[in-house]
Amino acid sequence: MRTQASCSIMSGDFPISISWRKDGAPLPEDPDVQDQQHEFVSNLMFRNLAARHSGHYTCIASNAAASSNYTAKLVVKVPPVWLIEPRDVSVLYQHPASLHCQASGFPSPTVTWMKAKGDEDSEYVPLESGPDFVIYGNGSIFIQVIDSSHEGHYVCQANNGIGTALAKTMFLRVNGKCSCHSEIFPAHFRTHAVNESGVAGQTAVLVCEAEGDRPLRVSWSAGHRALSPASSRLSDRPTPSGLAAELHLRDLDRSSAGAYRCTAANDYGHDEMIVYLTVKGRYLSLS
């Protein structure tokens, strides 16, 4: 698309010089912008109009007696274009997921999401932020914990009223379930990081609760220290949805503080949870 800005001098003695400024600064070099000077007219020609050309343009006319200027605003409206185009994603059951969709344009496009009502992608309902997921201002969706209800076709639309709106369909697949009537559940944790504290000289009990189909295998490890029978004890107990594993740490001291990793696994998957332990109390320093 092309356009021009004209500056005509109605009166004044010659010679008259005419110059242009953009947003208060000299015109930037641009192969798509050309200043065509005539005796008392200057035309600023835009051969290929783009968003970068938006701004305030000032025409300055000067002769030996005085100088005069006039400023006008140029607004270039740009239809939306993809910055991040939605793509199909696969996510493990009970894990977080992000669906990305971002577009640019002027005015800034409004991004909306819709989800297919069933397995087919023929009928969609609008999505809004709720307890299951958050739609951020940049257009991305964040789902904290994926379940089978999240699987399906999604459509992201970007529209600013200029040109044709953008629309892209993507499919979110939830791994860890079968196509039969009953689902299978990989080992997983609902929480992946917690903070715990203990008192020096006493015992701390760290707990991680794993969920998933049985048999579940849960283990503890710590990169900063060995978990020996002399200083720790392991136990577990079944829960309605899985297994709770406990790590009993005796006689806490400085070396007890740190990150403890709880790992859960079954035949369908595995997951990890970190427990960060701080130890409070006074320590006796010998010298």
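The values are calculated or read from the model by the stated rules, or taken from the named source; none is laboratory data. Everything quoted here is computed from the prediction, not taken from an experiment. Methodologically, a virtual Cβ is constructed for each residue, glycine included, from the backbone with ideal geometry; neighbour enumeration extends over all protein chains shown.
Structure data summary
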{"read-out": "Residue count for segment 237-252, restricted to those that are closer than 13 Å to Gly281 by Cβ and surrounded by 15 or more Cβ atoms within 10 Å (Cβ to Cβ)", "value": "1"}
{"read-out": "Near pairs, Cβ below 7 angstrom, 6+ apart or cross-chain, from segment 159-173 (over 14 Å from Leu99 (Cβ atoms)) to any residue that is outside any strand (DSSP E or B) and aliphatic (A, V, I, L, M)", "value": "Asn159/Ala165"}
{"read-out": "Strands (runs of 3 or more DSSP E) wholly inside segment 55-106 containing at least 2 residues that are among the hydroxyl-bearing types (Ser, Thr, Tyr) and closer than 30 Å to Met1 by Cβ", "value": "55-62, 67-74"}
{"read-out": "Condition met for Pro80 (farther than 27 Å from Ile146 by Cβ and out of contact with any His (no Cβ under 8 Å at 6 or more places or on another chain))", "value": "yes"}
{"read-out": "Boolean, Leu27 is touching a Cys at 6+ places or on another chain (Cβ under 9 Å) and either modelled with pLDDT under 90 or under 23 Å from Arg2 (Cα atoms) (or both)", "value": "no"}
{"read-out": "Any hit, segment 119-127, residues being within 18 Å of the chain's Cα centre (by Cα) and more than 30 Å from Lys22 (Cα to Cα)", "value": "yes"}
{"read-out": "Residue under evaluation Phe46, criteria (1) touching a Lys or Arg at 6+ places or on another chain (Cβ under 9 Å); (2) under 30 Å from Asn175 (Cβ atoms); (3) crowded, with 17+ Cβ neighbours inside 10 Å, criterion not met", "value": "(2)"}
{"read-out": "Test result for Pro109, surrounded by 13 or more Cβ atoms within 10 Å (Cβ to Cβ), out of contact with any helix residue (DSSP H, G or I) (no Cβ under 9 Å at 6 or more places or on another chain) and either at pLDDT below 90 or not acidic (Asp, Glu) (or both)", "value": "yes"}
{"read-out": "Residue match in segment 174-190 (condition: in a strand (DSSP E or B) and of a type in the set (Asp, Glu))", "value": "no"}
{"read-out": "Residue match in segment 81-98 (condition: more than 30 Å from His270 (Cβ to Cβ) and touching an Asp or Glu at 6+ places or on another chain (Cβ under 9 Å))", "value": "no"}
{"read-out": "Residue count, segment 199-234 (criterion: exposed (fewer than 13 other Cβ atoms within 10 Å of the Cβ) and within 20 Å of Lys280 (Cα to Cα))", "value": "3"}
